[in-house]
1. Which condition number in (1) closer than 15 Å to residue 49 by Cβ; (2) assigned to a loop (DSSP other than H, G, I, E, B) is the one that residue 170 fails?
2. Exactly one condition in (1) among the aliphatic types (A, V, I, L, M); (2) within 16 Å of ligand 2 (Cβ to nearest atom); (3) over 15 Å from the mean Cα position of the chain (by Cα) is false for residue 292; which is it?
3. When the residues of the stretch 115-131 are narrowed to those that are outside any strand (DSSP E or B) and either among the charged types (D, E, K, R) or buried (at least 24 other Cβ atoms within 10 Å of the Cβ) (or both), which ends up nearest to ligand 2 (Cβ to nearest atom)?
4. Within the stretch 211-222, work out how many residues are among the charged types (D, E, K, R) and in contact with a helix residue (DSSP H, G or I) (Cβ under 9 Å, 6 or more places away or on another chain).
5. Which of the residues belonging to the stretch 206-228 are farther than 17 Å from residue 247 by Cβ and touching a residue at least 12 places away in the same chain (Cβ under 8 Å)?
6. Scan the stretch 146-158 and give yes if some residue there is part of a strand (DSSP E or B), without any contact (Cβ under 8 Å) to a residue 60 or more places away in the chain, of a type in the set (Val, Ile, Thr) and in contact with a helix residue (DSSP H, G or I) (Cβ under 6 Å, 6 or more places away or on another chain), otherwise no.
7. Hey, among the residues in the stretch 99-114 that are away from ligand 2 (no atom under 16 Å from the Cβ) and either of a type in the set (Ser, Thr, Tyr) or free of Cβ contacts under 8 Å to residues at least 40 places away in the same chain (or both), which one's surrounded by the most Cβ atoms within 10 Å (Cβ to Cβ)?
8. State the number of residues belonging to the stretch 132-145 that are in a strand (DSSP E or B) and either surrounded by fewer than 24 Cβ atoms within 10 Å (Cβ to Cβ) or touching a helix residue (DSSP H, G or I) at 6+ places or on another chain (Cβ under 7 Å) (or both).
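The values are calculated or read from the model by the stated rules, or taken from the named source; none is laboratory data. As the structure is a computational prediction, the values presented were derived from the model and not from experiment. Using ideal geometry, Cβ is built from the backbone for each residue, glycine included, and neighbour counts are taken over all protein chains shown.
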Amino acid sequence: MHEVRFVIPRQEINREDFASSAPDFNRRSEVMNTDRGFKCSITNIVRLTGQEKLFQLRIIDPTERSLFRFKPGQFLMLELPGYGEVPISISSSNSNHEFLELCIRKAGHVTTALFTIEEGAQVAIRGPFGSSFPMDEMAGSNVLLIAGGLGIAPLRAPLFWINEHRDRFGDVNVLYGAKVPSQLLFTYQFDEWKMINHINLHTIVERAEEGWTGRTGMITDLFEDISIDMKKTWAIVCGPPVMFKVVCSHLDRLGMPMNRMFVSLERRMHCGMGKCCRCMVGSTFTCVDGPVFDYWSVMNLKEAI
Ligand SMILES: Cc1cc2nc3c(=O)[nH]c(=O)nc-3n(C[C@H](O)[C@H](O)[C@H](O)COP(=O)(O)OP(=O)(O)OC[C@H]3O[C@@H](n4cnc5c(N)ncnc54)[C@H](O)[C@@H]3O)c2cc1C
Ligand code: FES
């Protein structure tokens, strides 16, 4: 059988290293464990659209698997041997210690190669990296999750978190937009989110396709459908950078404080741990100071969006 070669250094596992969990929000992430690579096998692949697939990964070593922890909003460096590494948001529940899910869009060299692998293939991960959404601080308030296109991928982990702690939150609304209906991801989970978890899901597409009976327009049009007290609401906004300004300015006009709006920034990354400077915006490292930022900080970060 072809031997799989990993670039990521393998190290002896030290249980004490695992004791430090992921960082608290608004604190630069602790990077002490992130140099370690974990070998994983791909246990399931779901084709979501022509451009996106959901990969289910299982850390092969049972001890590493049971000790691996992350917080909603964090990302991994995913290595496909022979091709390279890419930063990808963790898209599954952080209470699931058996599997990790990554929703990946075919974009270039590594992600296109990932689209050719099959179940049983081996990959490696480093991480988790970066800051997370302040889920504990949000408790007791309403939450508004707003996603455009692939932005639903990083938004899934906080959504799972809310599902699992549903009684801690007030109204939970998800506004999700895509260019066309066939690009809406995770449609098979919509009913579960709405019916079991009392989440109000609102979808919209820019352009209808045959059979679409839902709304057509821009994501901000969906604000007409919700009536919540914005002063008692936190928002998580994930999507293309152009969406941040439009959506967050809208939320600002509706009265939501900017330090209660959270966005996840994407930059080219190499090390993921504050060493290579590849991801810097001014003096800010997107990989360790972010990727999750409150909108107030991002607004004051030159060229961030
Ligand atoms: C914190 C973080 C989380 C991410 N989460 C996800 C995710 O959950 N799912 C997902 O599909 N993608 C995610 N991405 C984007 C993903 O990392 C890139 O699509 C990937 O690195 C492209 O690698 P490639 O080798 O396939 O493409 P390349 O051949 O390197 O590049 C192909 C094209 O993609 C652009 N590109 C490459 N990297 C990035 C980037 N980081 N941001 C924006 N454009 C880029 C290039 O400019 C080029 O136009 C995330 C990025 C970051 C920084
Ligand atoms: S990716 Fe290397 S410093 Fe951020």
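1. (1)
2. The one condition residue 292 does not meet is (3).
3. Initial filter on the stretch 115-131 (outside any strand (DSSP E or B)): 115-121, 130-131.
Cutting the leftovers down to either among the charged types (D, E, K, R) or buried (at least 24 other Cβ atoms within 10 Å of the Cβ) (or both) gives us 118-119, 130-131.
Details: 118: 30, 119: 30, 130: 9, 131: 12 Å.
Only one residue tops the list, namely 130.
4. At the first step, the residues of the stretch 211-222 found to be among the charged types (D, E, K, R) are 215, 221.
In the following step, the residues that additionally are in contact with a helix residue (DSSP H, G or I) (Cβ under 9 Å, 6 or more places away or on another chain) were identified as 215.
The number of residues fulfilling the criteria is 1.
5. First pass over the stretch 206-228, keeping only residues farther than 17 Å from residue 247 by Cβ: 207-214, 216, 227.
Matches in the stretch 206-228: 207, 208, 209, 211, 212, 214, 216.
6. Let us first name the residues in the stretch 146-158 that are part of a strand (DSSP E or B), namely 146-148.
Still in the list and also without any contact (Cβ under 8 Å) to a residue 60 or more places away in the chain: none.
There is no residue in the stretch 146-158 that is part of a strand (DSSP E or B), without any contact (Cβ under 8 Å) to a residue 60 or more places away in the chain, of a type in the set (Val, Ile, Thr) and in contact with a helix residue (DSSP H, G or I) (Cβ under 6 Å, 6 or more places away or on another chain).
7. 111
8. Residues of the stretch 132-145 in a strand (DSSP E or B): 142-145.
Cutting the leftovers down to either surrounded by fewer than 24 Cβ atoms within 10 Å (Cβ to Cβ) or touching a helix residue (DSSP H, G or I) at 6+ places or on another chain (Cβ under 7 Å) (or both) gives us 142-143, 145.
The number of residues fulfilling the criteria is 3.
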